């Protein structure tokens, strides 16, 4: 055997040695998923688009997977967590706003008066969101979001909100990235709020977080630069707003999409309608014991049209109660 | 020597074998840059932020580098190439619009009447841009842009526009990516127009192209889905619009920025003002022989305030004439 042949053999042997531990790891990539239809559909899809020589092979650069956040990656009951953040911010900011003691909807928030708050409807919520989310630069807003995330506890579980994430979905995100996918959040949540935890919690960097946005302005005050958040909704990243932001920001149609509500319908349709093999999935909240059970009649995360569409088109509908071994990372 | 020790040695030897060719390649990463101050500044910066143990080390996830396009990555004379595309599109679309023969500014375009066109000013240009860039879905627009790029020739060089790119900047993009940077375009050009060539020409994927945008709408016509481009400017990615889009889309402050005109000033300021080591660079068009020479008084790519700011803050100003061995890939 000459030196080159020997070197070649060495490289081959060592390649095997380097690859074996990866294979061992890959044997059980989704440990919190029962061996049900959803896990099988996911694995079959990933294999089809990643295996060399597969007729459905997709180059890594085109392996874009998009995920809704509320109800898909973390819980959204009893209320969107971002609204709970906004209510907490009103209380934190109250000392600087003594007038709020007499001024709705802030008075209701400070007095925990759910009835008055509910009666105020969407207009009240918008006012609370705008007051707590804008008129502030992006760096300070990020600090506010992180402060709340580090201290606030979920009213039912008593856990930090950043732990109310779905363990099976964390595994799915990692599994996709291990297979060359780029994982994105495409959610109705406000983009900077989600960025405050997405990298640490989901492994999704800020540039892969797409959400609802407020208009911003570049400020230069005597050389002190900042990006100021304006009290003006720029993009509502819900329903048809999702394919719009996907095209505008990613510029490529995803090959995989996961949602849980009718607000995800157009994102799922847009993804599924692309040429080649595609995956459209829904998290179905069926577990009143370990999480919550809701769909067609829910005020939050209503899943009605998208559930019909999923059935009509054979999309993957994850039955949380039967298909997930664990819901949260803190579950045993 | 037991089997494990031997295996370890094998791995070490093979690792070296695998790494050596990379080192050889890395020895000369910027072959079209003369050994001038700009090349030195670039290499010093990249070393400082990437070397393990460096006090200026930046984790790969935060190595964001942003580049203007017109005049920074490709030429912009005698007119922004995208405007030349728009003019060509008017001619291509003319048979479907017989009324344009009598209707300005289209009549002037069809008759190559530069004088009338110039007299129409920005309003004429806007009308031409909107007519050729909107009222069409994103996939069809992409085809139009690619068709033009594949056939049109630059009036001076006779080369396709996609070859009018700066060889030294191509090398810089590759050098940064080899060092774990994520390279972005942040340009006044329309985002989908740039995406039509950025991946092939610059190695920059669509999701790393940020630009001026038109509003879009998701359309569902009997199950036929599309993203329709609306005749409404959504974001003007110039001047202060650049840090705004950087924060909105990337969500992280770049550590390196490169531009060539006053439209890049705020992007450079925003980048340079971040904490830690930062790089702000300008391409200075000083080469009337091989490219064009223009700065403070130019109608296109005016470089005045940003040049003063660069001198005041010791930013890197690339003297094209003396620092670049070659301008275009087709140069000998």
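Rule-based calculations on the coordinates, nothing more; no lab input. Everything numeric in this text was worked out from a predicted model, so none of it was measured. Because the Cβ atoms are built from the backbone with ideal geometry, glycine has one as well, and the counts that use them run over all protein chains shown.
Below is a table of values for the structure above.
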| item | result |
| --- | --- |
| Residue-averaged beta-carbon neighbours from other chains (10 angstrom radius) around B:198-205 | 1 |
| Computed label-point distance, nm, for sites residue B:91 and residue A:107 using a 7 Å Cα→Cβ extension | 7.0 nm |
| Cα→Cβ-extended label distance, 7 Å offset, between residue B:177 and residue B:153, nm | 3.0 nm |
| Degrees, to the nearest 10: A:37-50 long Cα axis against longest axis of chain A | 60 degrees |
| Pairwise label distance in nanometres, residue B:99 with residue B:300, each label 7 Å out on the Cα-Cβ vector | 3.1 nm |
| Calculated [θ] (222 nm, deg cm²/dmol) that DSSP helices of n ≥ 4 give over chain A, each run adding -39,500 (n - 2.57) | -13000 deg cm²/dmol |
| Between the stretch A:55-107 and the stretch A:165-234, the Cα center-to-center distance that results, in Å | 11 Å |
| For the stretch A:81-151: rounded, prolate or oblate by the Cα gyration tensor [a/c cutoff 1.5] | prolate |
| Chain A: relative contact order as a whole-number percent, Cα under 8 Å and 6+ apart | 21 percent |
| For B:80, A:202, order by how many other beta-carbon atoms lie within 10 Å, fewest first | B:80, A:202 |
| Label spacing, shortest first and in nm, from residue A:308 to its equivalents in the remaining copies (7 angstrom along Cα→Cβ) | 6.4 |
| Using a Förster distance of 41 Å, the FRET efficiency for residue B:277-residue A:43 (Cβ separation, nearest 0.05) | 0.40 |
| Chain A: angle of helix A:191-202 to the longest principal axis, Cα-based, in degrees nearest 10 | 40 degrees |
| Cα-based shape type of the stretch B:196-331, given that a ≥ b ≥ c are square roots of the gyration tensor eigenvalues and the cut on a/c is 1.5 | prolate |
| Teacher prompt: residue B:326 distances to equivalent labels in other copies, 7 Å Cα→Cβ, nm | 5.5 |
| Taking A:51, A:96 and counting other C-beta atoms within 10 Å, the order from fewest to most | A:96, A:51 |
| Shielding of B:207-219 by partner chains, average beta-carbon count, 10 Å | 4 |
| Crossing angle, helix B:3-26 versus chain B [Cα axis fit, 0-90 degrees, rounded to tens] | 40 degrees |
| Ranked packing of B:56-67, B:97-108, most packed first, by mean Cβ within 10 Å | B:56-67, B:97-108 |
| DSSP bridge orientation in chain A - percent antiparallel, rounded to nearest 5 | 40 percent |
| For chain B: rounded, prolate or oblate by the Cα gyration tensor [a/c cutoff 1.5] | prolate |
| For A:248-257, mean number of other protein chain Cβ atoms within 10 Å | 5 |
| Relative contact order (percent, whole number), the stretch A:81-151, Cα cutoff 8 Å, 6+ residue spacing | 34 percent |
| Copy-to-copy label separations for residue A:101, where each label sits 7 Å from Cα toward Cβ, in nm and ascending | 7.9 |
| Of A:151, A:75, A:38, the one that fluctuates the most in a GNM where chain A has Cα springs shorter than 10 Å | A:151 |
| Burial ranking of peptide ranges A:275-285, A:124-134 (average Cβ count within 10 Å, highest at the top) | A:275-285, A:124-134 |
| Calculated FRET efficiency for the pair residue A:116/residue A:146, C-beta based, R₀ 22 Å, to 0.05 | 0.15 |
